[in-house]
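So the structure is just underneath, and the comments pick up after that.
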């Protein structure tokens, strides 16, 4: 029973470790990060805020209702008498009235419509601004992802190097035991194995820190032993879809709508109005009884001061437009410069990798010859390590260049906003 228990526990641990390892792709990380990104909540809030502001603007189309009331006491009132006439009412020193003042705008529909469009443009701008923040997160993810790939490939090479060193060390140990090889040759290999293990420890620590950063950015648990899939080195996406361009577009649209609102607000306003009261004395001052009375009509108003300052406000809007256009041109120039540099970098890798393959092939031939010479005592351990280091460096360079090529292409596509 104990053997079965130990076996079952061992199998359970084995399957658990297998399940714990997951495949991590760049596309999945970016998708998860976008869902996890806290600023996404900002998009929802901006949309909700925009809708509430539109509802407030709609109130401007309803009649404006004011409830008014007053009570007054006069120290003296107008009085007069006509000889031969009696019953002329005497004015009261205390007067009261309460009523409703209605005002219905007729020319506000165009203003409210433009203000609602301006509010919608503000909401769109807020959403695009959040997207620009996430663009930086995407760029950070690809940089961390690429760094992890490079570190993992470097560690694989170190593991192969360690295995080769250990194999040669065992052979040397036999020679030392037989008295055919000096002990110093064995110590050289043992020292190099320790140095390799030290480098692997440093890499493990670096990968651990980078995976924790990816876990924070993506919201998913990532481990150092997970398998990171190299992005497919396919075609470059030349179409630019950067969110910053949408920000500039929205800002220009907003400034244009601000100008429309300014033009419409400075036009004469026509309105209908009505006033209804209960009190005294009313419009007929000869009637001193409490009663209902009112008035209705149409009116027009025009704020001359707004018309005078409109040109100055239009100048500020036009200046802001020029500033946004200048920012857009600067961004495009910097982006195109960065894309050209990245495209040049990508273009060199096929030639570099081709040379890497030739170098690795020749280095392996040299290393095989050096291994044979070491076994026959023709060269020392130090001389063999020199050839091993050169071969490892060549192999590592080839792998790193392949990883860098794939990462550079992914960076290019992310730089274009794809």
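Results for (1) over 30 Å from residue 290 (Cα atoms); (2) surrounded by 12 or more Cβ atoms within 10 Å (Cβ to Cβ); (3) touching a helix residue (DSSP H, G or I) at 6+ places or on another chain (Cβ under 6 Å); (4) at pLDDT 80 or above, shown as yes or no for each residue.
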residue	(1), (2), (3), (4)
50	yes, yes, yes, yes
55	yes, no, no, yes
64	no, yes, no, yes
72	no, no, no, yes
76	no, no, no, yes
83	no, no, no, no
86	no, no, no, no
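Scanning the stretch 174-195 turns up no residue that is touching a strand residue (DSSP E or B) at 6+ places or on another chain (Cβ under 8 Å) and assigned to a helix (DSSP H, G or I).
For the stretch 213-242, the set of residues classified as surrounded by 18 or more Cβ atoms within 10 Å (Cβ to Cβ) and assigned to a helix (DSSP H, G or I) consists of 214, 217, 218, listed by residue number.
Looking across the stretch 336-395, the residues that are surrounded by fewer than 16 Cβ atoms within 10 Å (Cβ to Cβ) and not in a helix (DSSP H, G or I) come down to 376, 377, 378. Does the stretch 131-147 contain any residue that is modelled with pLDDT of 85 or more, in contact with a strand residue (DSSP E or B) (Cβ under 9 Å, 6 or more places away or on another chain) and under 29 Å from residue 417 (Cα atoms)? So far as the stretch 131-147 goes, yes, one or more of its residues are modelled with pLDDT of 85 or more, in contact with a strand residue (DSSP E or B) (Cβ under 9 Å, 6 or more places away or on another chain) and under 29 Å from residue 417 (Cα atoms).
Flag: residue 245 does not match the condition of being surrounded by 16 or more Cβ atoms within 10 Å (Cβ to Cβ), touching a strand residue (DSSP E or B) at 6+ places or on another chain (Cβ under 9 Å), in a helix (DSSP H, G or I) and at negative phi.
Report, by residue number, each residue of the stretch 293-317 that is under 15 Å from residue 265 (Cα atoms), surrounded by 10 or more Cβ atoms within 10 Å (Cβ to Cβ) and without any contact (Cβ under 8 Å) to a residue 24 or more places away in the chain. Across the stretch 293-317, the qualifying residues are 308, 309.
For every residue, the table says whether it meets (1) touching a residue at least 24 places away in the same chain (Cβ under 8 Å); (2) surrounded by fewer than 17 Cβ atoms within 10 Å (Cβ to Cβ); (3) farther than 30 Å from residue 381 by Cα.
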residue: 120; (1), (2), (3): yes, no, yes
residue: 132; (1), (2), (3): yes, yes, yes
residue: 170; (1), (2), (3): no, yes, no
residue: 181; (1), (2), (3): yes, no, no
residue: 191; (1), (2), (3): no, yes, no
residue: 198; (1), (2), (3): no, yes, no
residue: 207; (1), (2), (3): yes, no, yes
residue: 211; (1), (2), (3): yes, no, yes
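A quick yes/no check of all residues on (1) touching a helix residue (DSSP H, G or I) at 6+ places or on another chain (Cβ under 7 Å); (2) without any contact (Cβ under 8 Å) to a residue 12 or more places away in the chain; (3) within 23 Å of residue 28 (Cα to Cα):
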| position | (1), (2), (3) |
| --- | --- |
| 89 | no, no, no |
| 95 | no, no, no |
| 98 | no, no, no |
| 112 | yes, no, no |
| 128 | yes, no, yes |
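In the stretch 182-202, is there at least one residue being within 23 Å of residue 35 (Cα to Cα), at pLDDT 85 or above and out of contact with any helix residue (DSSP H, G or I) (no Cβ under 7 Å at 6 or more places or on another chain)? There is no residue in the stretch 182-202 that is within 23 Å of residue 35 (Cα to Cα), at pLDDT 85 or above and out of contact with any helix residue (DSSP H, G or I) (no Cβ under 7 Å at 6 or more places or on another chain).
All conditions in (1) outside any helix (DSSP H, G or I); (2) under 47 Å from the mean Cα position of the chain (by Cα) hold for residue 402, with the sole exception of (1).
The values are calculated or read from the model by the stated rules, or taken from the named source; none is laboratory data. Everything numeric here is computed off the predicted structure, so don't read it as measured data. FYI the Cβ positions are ideal-geometry reconstructions off the backbone, even for glycines, and counts take in every protein chain you see.
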